[in-house]
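Undergrad: Take this structure, written in structure tokens, and hold onto it; I'll ask about it next.
Where a number appears in this text, it was derived from the coordinates with a stated rule and is not lab data. If you're wondering where the values come from, they're calculated on a predicted model, not measured in any experiment. All Cβ positions, even for glycine, are placed from backbone atoms using ideal geometry, and neighbour counts span all protein chains on display.
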Amino acid sequence: MGEEVKVFRTWSSPFALRVVWALDLKGIKYETIYEDLSNKSPLLLQYNPIHKKVPVLLHNSKPIAESLVILEYIEDTWKHRPLLPQDPHQRANARFWIKFGEDKVFPAVRDSLLKQGKEQEEAHEAALESFKLLEEELKGKKLFGGEEIGMVDIALGWLANLVSVLEEVLVLKFIDEHKFPLLSAWMRLFADIPVIKQSWPPRDKLVTKYIAIREARLATN
Amino acid sequence: MADEVVLLDLWSSMFGMRVRVALAEKGVEYEYKEQDLRNKGPLLLEMNPIHKKIPVLIHNGKPICESLIIVQYIDEVWHHKAPLLPSDPYQRAQARFWADYVDKKVYPPGRKIWATKGDEQEEAKKEFIEILKVLEGELGEKPYFGGESFGFVDISFVTFSCWFHVYETFGNFSIEKECPKLMAWVKRCQERESVSKSLPDEKKLLEFVYYLMKIFGIE
């Protein structure tokens, strides 16, 4: 029985990478469709009319949008190589940290890129505060998922690649090895996992992209 | 051995109400502990040290935070009765998508309708009505967002319904006029004891907002 799985993504979207990692970890075969967000395909608009964004997962012609919703769908559909714990309290804890990443970590790092002056300082401070909490959570663990990658690692995985890119673009330190030894070790361990390593977008292209985004922002102010 | 279930909550919070509705749907007995958010107690600070917010569910001494995460937890633990999420993975994904949509979109403009004035308030009102219309579109002809059964998306959104009176009063508009099918859904949900017993009286909420404005010095 052929299962048709398609992933709509861009070359650089950190959210789409989550979906790629989850499918690759579970050994699911899929077709990749690259979108140009300045010229969205009719299919993308049909499959994600509400947000019109990537990633979108198409499974047997049915679309699912929002990367974290897609991760839960992948987990519900392909039950081998689980990404969430079995115990309900541990599952709730995993979901808590995934939400923390979305609500606190990502916006602070994003605003450090997009803002200037005092606003940028505040965003940077907020990012450092959020890293302190991640550092605490890693105590006694190699990965957020324990011995193996779990959904929290996948949801936070963008840190392992984008942080060093943004540190270069902004000339601003985010994750100092001495201040955040566990988080630094996690980033190295995560980035080295074959399934993860093979799918990082090219670093030089990412640096160019984020420099351009920052410059465009500064120009509009 | 009996389960010990405690809910740390605030009577007016639409997020806390979600947990009350879910527990009621499952017939779970629990102890409700009203929190004073301007003077946070040691239990709240111990059980939710990161966000220091309500709701927090404490089950046999272990805390669970974030309302929709709590509702999923309740569904997984008390799974023998009243399933809140569908069993089909695609239907579950749709439910998660729409609950996420409600969670991200409804609260901010709703709050601005009563907490701001002039252009900012007008913008918020327009945005709010648009969002409600999208939700009404998703509901379609179904009795509930979950289809035939009351479920996760219904729980995530119905708790805003007691706040509609506040939004309508301050925004000077009628949600019934803008979204009649949505209001029919609200009335249908309110016929469920889990909802009617968990949501406060809308007039009390309006009085509460007037009180908040006084203490925060909003005109």
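Undergrad: Starting from the alpha-carbon convex hull of chain B, give the projected area averaged over all orientations, in nm².
TA: Result: a mean projected hull area of 12.5 nm².
Undergrad: Find the relative contact order for the stretch A:121-180 and round it to a whole percent, using C-alpha pairs within less than 8 Å whose residues are 6+ positions apart.
TA: 34
Undergrad: Treat the count of other C-beta atoms within 10 Å as a stand-in for reagent exposure and order B:W114, A:W200 from fewest to most.
TA: Sorted ascending by nearby Cβ count, the order is A:W200, B:W114.
Undergrad: Given Cα pairs under 8 Å that are at least 6 residues apart, what percent is the relative contact order of chain B?
TA: Once divided by the residue count of chain B, the mean separation gives 20 percent.
Undergrad: How big is D for the stretch A:1-94, in µm² s⁻¹ as a whole number, if Stokes-Einstein is applied with the Kirkwood radius of its Cα pairs at 20 °C and 1.002 mPa s?
TA: Rounded, D is 155 µm²/s.
Undergrad: Here's another thing I want to ask about it. Using the structure shown, list the pairs from A:K104/A:K139; A:K26/A:K173; B:K125/B:K181; B:K26/B:K53; A:K104/B:K62 with a Cα-Cα distance above 27 Å, or answer none.
TA: A:K26/A:K173
Undergrad: Give me the base-10 log of I(q)/I(0) for the stretch A:42-91 at each q in 0.16, 0.32 Å⁻¹, Debye formula, one uniform scatterer per Cα, rounded to two decimals.
TA: -0.53, -1.23
Undergrad: So, one more: Are there trypsin sites (Lys or Arg not before Pro) in the stretch A:28-75 that DSSP puts in a loop and that have at most 10 other Cβ atoms within 10 Å, and which ones?
TA: Passing sites in the stretch A:28-75 are A:K29.
Undergrad: Apply the a/c threshold of 1.5 to the C-alpha gyration tensor of the stretch A:91-159 and tell me whether it is rounded, prolate or oblate.
TA: Prolate is the answer for the stretch A:91-159, as a/c is 1.5 or above and a/b outweighs b/c.
Undergrad: Counting only C-alpha contacts under 8 Å and six or more residues apart, can you give the relative contact order of the stretch B:9-134 as a whole percent?
TA: Here the relative contact order equals 18 percent.
Undergrad: Taking loop as defined by DSSP and a crowding limit of 14 other beta carbons within 10 Å, which trypsin sites (Lys or Arg not before Pro) in the stretch A:150-221 fit?
TA: A:K173, A:K179
Undergrad: Exposed loop trypsin sites (Lys or Arg not before Pro) only (DSSP loop, at most 15 other Cβ atoms within 10 Å): please give the longest stretch of chain B free of them, not including the sites.
TA: B:118-196
Undergrad: So what's Rg/Rh here for the protein assembly as shown, counting alpha carbon atoms and using the Kirkwood radius for Rh?
TA: Value, to two decimals: 0.95.
Undergrad: List the GluC sites (Glu not before Pro) within the stretch B:1-79 that fall in a DSSP loop (any state other than H, G, I, E or B) and whose Cβ has at most 10 other Cβ atoms within 10 Å.
TA: Within the stretch B:1-79, the qualifying GluC sites (Glu not before Pro) (loop, at most 10 other Cβ atoms within 10 Å) are B:E29.
Undergrad: Right, here's the next one. Hey, what's the per residue convex hull volume over the C-alpha atoms of the stretch A:37-183, in cubic angstrom?
TA: 136
Undergrad: Same structure again: What number, in nm² with one decimal, is the all-direction average of the projected area of the convex hull of the alpha-carbon atoms of the stretch A:127-194?
TA: 4.5
Undergrad: Here's a follow-up. So how far apart, in nm, are the two label points at B:K187 and A:L114 if each is 7 Å from Cα heading toward Cβ?
TA: Between B:K187 and A:L114, the label points sit 4.2 nm apart.
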